[in-house]
Each structure stands twice: as structure tokens, then as C-alpha cells.
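Enquirer: Sharing a structure here in C-alpha cells format.
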Ligand code: ZN
């Protein structure tokens, strides 16, 4: 199973700003833990998202000081538009992510565009990235439900998947932005989209890990998770954190499914991120420790 770690971007986005040098340290710690795909930064407006300011600085530091630990690691940047894509390409990223929502209202509120307008922008981002030889993974927000429209028909999601592939996306990821997915809904959507998609799951209502497990049984092999279960969208009220990388990797380890990530090293990276954000993490495994390391069974 391929795990793309999104903590340094999706996780830290909703925290108080962490200096670029510390964000680069975190990416290095994740790479040292065996994370091979890391969404490290986003090239968004620093005025709208101050916590993501200094993306080029983060990448420059990675290139300068710690590229050794990050060798073989695919570093991803989230970009909202062509201007962001150009900045990310100039900074030397390996992959771009761009987003579009399956919910018209969410899309309008999030980026001030209709879905059709976002689709055109996604096409321009893919064209520009293709010139630079960099793949784009298009993340479809609200793929399992919207706080505004409620359930989203799986056929609409599947149609959007086809459209973004037509626009040049190298990969598509379905995101449960506001935590509305359940194993039932995930199954209904995957039945129409097929399982050649990544899943970006949130733990808002306690179904994140369940959804991931169910999706794996159906054949999905790519997942976005965030160290510590950090995250939540600054643009979506009530959005809980991302599925925690530690919790997912612990489950996969127990199932004998390889990720290349070493849980103990991941927990060390978790200790660093706890220090950087200054609060406890939502991840169950980072709180309780790995199941085989318990010194005495809990009562
Ligand atoms: Zn997320």
C-alpha cells in the first residue's frame, strides 16, 4: 500500500504557523521514517493561509541540507492555480496536487469558482506541469458527501473523475473533506469510480480507519494520511483531522502489508510534530503506543 504523508501540508495548514526550517525538519524526519511520498508544502496565498507561507524556503532547505534523507522521496506541493504551479515547478517539486470539489457549493465557497471553471484551471495546471515533466494528482474534495448538498451521487463523482483524467491528471484522489464517508458510502462510490484512485480520509466521525480498511478490501492501494491525525480544513466548519499515519501504519503492519514506513521512527517524527504544534495529537497509536510494546495489559 502506498501512503502519501500529508501532515506537513494538510496537517500544519490548520495550526499556528510553524517556521519553514522546522517544517523542513519534519519532512526530513518523515523521510527518515520511510515515507516515500510527502505532501510538503502548498503554494497558496500567504494572506489567506499564513501557516503555509515560505513554501519555497521549505523546499530550498530540503534541497540544501537534507536531500540525503529525502532521496527517492516524492515531494508534492498543493497548488490552487497555474501561478502556484509555476512557483512549485521552479522550486523543484516531484508532483503537484490540485483540488476540485464534487460539491458545487463547497467549490464556490472554497475557491470562488464553479466546478466547470475549476476544471479549466485544473487543465491549465496539468498542461503547465506536463511541460515540466511533473505529474498532477487531482484531489476531488467532498467525494463522499457535502455539508451543503448532503449525499453526492457516485455517478457524479465518477463523471468528475473522468473529466479530470481527460484534463490531464496522472492520478485522481477522492477526499472525504468533511468526514461524511462511511464504509457503505465508500463502497457505493468505488463501485462506480473503480478502485484505481487514491483515498484521502478524515477521522471526523470515527470512521476514517474503518473506511481505509474497507477500501483496501475492495482493492484501493493509495491513501493520504497525516502524522498525528493533524488537519481539518480552515475552509470547512467542523472538519476533523486526517486519518492518522501512525494508526494506519500500525494496522497495515498487523496485517503484514508493507508500506516501507517504520512505525517506531514514525512515532519519533510524531514527537517532533507534537513539539512543533504545542498540543497533544489525535492519533490513537501515538497516545497508546504500538500494541506489542505494552509493558502491562490495560485493565
Ligand atoms: Zn485532509
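FYI, it's all coordinate maths here, none of it is from the lab. Fair warning: this is a prediction, and the values are worked out from it, not measured in the lab. Backbone-built Cβ (ideal geometry, glycine too); neighbour counts: all protein chains shown.
Enquirer: If each DSSP helix of 4+ residues adds -39,500 (n - 2.57) and the sum is divided by the residues in the chain, what number results at 222 nm, nearest 500 deg cm²/dmol?
Expert: Numbers: 12 runs with 128 residues, N = 299.
Per the formula, -13000 deg cm²/dmol.
Enquirer: A follow-up question, please. Taking the Cα centre of each part, how many Å lie between the stretch 205-280 and the stretch 11-46?
Expert: Using only Cα atoms to place each centre, the spacing works out to 15 Å.
Enquirer: Taking the Cα centroid of the stretch 126-179 and of the stretch 60-111, what is the distance between the two, rounded to the nearest whole Å?
Expert: 15 Å
Enquirer: Highest GNM mean-square fluctuation, the chain, Cα pairs closer than 10 Å: which of 63, 101, 32?
Expert: It is 63.
Enquirer: Given that compact globular proteins tend to follow 2.2 N^0.38 Å, what is the ratio of the alpha-carbon Rg of the stretch 153-229 to that value? Provide the component values of the computation, followed by the final result.
Expert: Values: Rg = 12.0 Å, N = 77, 2.2 N^0.38 = 11.5 Å.
Output field value: 1.05.
Enquirer: Quick check on the exposure proxy: order 213, 106 from fewest to most C-beta atoms within 10 angstrom.
Expert: Least to most surrounded, the residues fall as 213, 106.
Enquirer: Let me see the P(r) profile for the chain: every Cα-Cα distance counted, bins of 5 Å, each bin given as a percent of all pairs.
Expert: Reading upward from the zero bin: 1, 6, 13, 17, 20, 18, 13, 8, 2, 1, 0, 0.
Enquirer: Using only the alpha-carbon atoms of the stretch 125-268, report the extent along each of the three principal axes, biggest first, to the nearest angstrom.
Expert: Principal-axis extents of the stretch 125-268 (Cα, largest first): 40, 38, 31 Å.
Enquirer: Place the peptides 117-123, 150-156 in order of packing, highest mean first, counting for every residue the other Cβ atoms within 10 Å and averaging per peptide.
Expert: On the way: 117-123: 18.4, 150-156: 14.9.
Top to bottom by mean Cβ count within 10 Å: 117-123, 150-156.
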